[in-house]
Amino acid sequence: MINGITTSNPVIECILSRTAAKYYDPDATLSDEQIYELVRIGTTAPTSFHMQNWRFIAVRTREAKARLSPIAWGQPPITEAAVTFIICGQLADSSVIPERLAPLVKAGVMPATMVPEWENPARGLYMDQPQRQRDEAMRTGTFGAAAMIYAARSLGLGSTPMIGFDADGVHREFGLTKNEVPVMLLSVGVERAGNWAQKPRRPVTEVLNLI
Ligand SMILES: Cc1cc2nc3c(=O)[nH]c(=O)nc-3n(C[C@H](O)[C@H](O)[C@H](O)COP(=O)(O)O)c2cc1C
């Protein structure tokens, strides 16, 4: 308890107990409905200007895993975990904003008059700014992946975010478009014995500046 704020509840326990898994039960699968649900939860993560500039490729068949494994350093989770998501971020493009905001306007969440107030600054921020477009793709994909990691943990599933892969190879082999970046791979599945205990962290005093 800190000043009346509890530091222990099921959500915090879920966050505190997560680790990156290396070993999975290769016989445990997830149904397409379970995969769909994980992605649905992932897509409730925040995105800049609500662009939702992401795509998730669920690699879950033996054949698809065999295509991914050699271009992902042969990492064990690719073949053993039930599913490995190729988390794709899409280069930030303000022209998608009216279409992405239309459902909010229709639902009465946002007045129609506000749409240009989001689109115009986004255009100024991203147009002709390839670094920012790519940075946003990476942020979007990372937020989505993080939501899926903790959702998986809350369901008793392990997960592994992975940057150990050939980005060009994944781009080519899995048909990413030219505006898509493979942000990371994310394996999810039922863990088996042998995974490491949680690793100690740097002290908060070393990473926190109170100003
Ligand atoms: C962006 C990112 C990339 C990672 N890439 C890999 C990877 O390619 N292979 C792997 O086994 N673990 C990978 N990890 C897992 C990290 O090694 C792990 O998160 C870190 O050692 C901390 O351990 P913990 O997640 O168990 O707390 C990655 C993690 C992140 C966030």
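The values are calculated or read from the model by the stated rules, or taken from the named source; none is laboratory data. All values reported here derive from a predicted model rather than from experimental measurement. For neighbour counting, all protein chains shown are included, and Cβ atoms are generated from backbone atoms with ideal geometry for every residue, glycine included.
From the list Val109, Val115, exactly one residue is exposed (fewer than 14 other Cβ atoms within 10 Å of the Cβ), more than 16 Å from the ligand (Cβ to nearest atom) and either among the small types (Gly, Ala, Ser) or under 28 Å from Phe49 (Cα atoms) (or both). Which is it?
Val109
Kindly indicate the residue of the range 53-78 that is part of a helix (DSSP H, G or I) and of a type in the set (Lys, Arg) and also farthest from the ligand (Cβ to nearest atom) among those meeting that condition. It would help to see each step written out before you state the result.
As a first pass, look at the range 53-78 and keep what is part of a helix (DSSP H, G or I): 62-71, 76-78.
Pick out the ones that are also of a type in the set (Lys, Arg) and you get 62, 65, 67.
Working: Arg62: 21, Lys65: 16, Arg67: 18 Å.
Among those that are part of a helix (DSSP H, G or I) and of a type in the set (Lys, Arg), it is Arg62.
Is it the case that Arg67 is under 19 Å from Ala145 (Cβ atoms) and at pLDDT 95 or above?
Values: under 19 Å from Ala145 (Cβ atoms): no; at pLDDT 95 or above: yes.
The answer is no for Arg67.
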Checklist line | Odd one out for Gly141, checked against (1) away from the ligand (no atom under 13 Å from the Cβ); (2) assigned to a helix (DSSP H, G or I) | finding: (1)
Next item on the list: Just need a number here: residues in the range 1-53 that are touching a Phe, Trp or Tyr at 6+ places or on another chain (Cβ under 8 Å), hydroxyl-bearing (Ser, Thr, Tyr) and surrounded by fewer than 17 Cβ atoms within 10 Å (Cβ to Cβ).
Entry: 2
Note to self: Filter the range 150-169 down to the residues that are in contact with a Leu (Cβ under 7 Å, 6 or more places away or on another chain) and over 11 Å from Phe85 (Cα atoms) and list them by number.
What the structure shows: Ala151, Ala152, Phe165
Margin query: Between Ala28, Ala45, Ala92, which is touching a strand residue (DSSP E or B) at 6+ places or on another chain (Cβ under 7 Å) and either of a type in the set (Ser, Thr, Tyr) or part of a loop (DSSP other than H, G, I, E, B) (or both)?
Written below: Ala28
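Among the listed residues Arg192, Arg202, Arg172, which satisfies the condition of being surrounded by 11 or more Cβ atoms within 10 Å (Cβ to Cβ), more than 17 Å from the chain's Cα centre (by Cα) and within 16 Å of the ligand (Cβ to nearest atom)?
Numbers: Arg202 fails: surrounded by 11 or more Cβ atoms within 10 Å (Cβ to Cβ); Arg172 fails: within 16 Å of the ligand (Cβ to nearest atom).
Arg192 is the lone residue from the list that is surrounded by 11 or more Cβ atoms within 10 Å (Cβ to Cβ), more than 17 Å from the chain's Cα centre (by Cα) and within 16 Å of the ligand (Cβ to nearest atom).
Which of the residues belonging to the range 178-211 are within 30 Å of Gln133 (Cα to Cα) and without any contact (Cβ under 8 Å) to a residue 40 or more places away in the chain?
Lys178, Val207, Leu208, Asn209
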Next item on the list: Would you mind telling me which numbered condition in (1) under 23 Å from Gln75 (Cβ atoms); (2) surrounded by fewer than 18 Cβ atoms within 10 Å (Cβ to Cβ); (3) among the basic types (Lys, Arg) Arg153 fails?
Entry: (2)
Notebook entry, point to check: Of the residues in the range 14-30, how many are hydrophobic (A, V, I, L, M, F, W, C) and without any contact (Cβ under 8 Å) to a residue 40 or more places away in the chain?
Noted result: 1
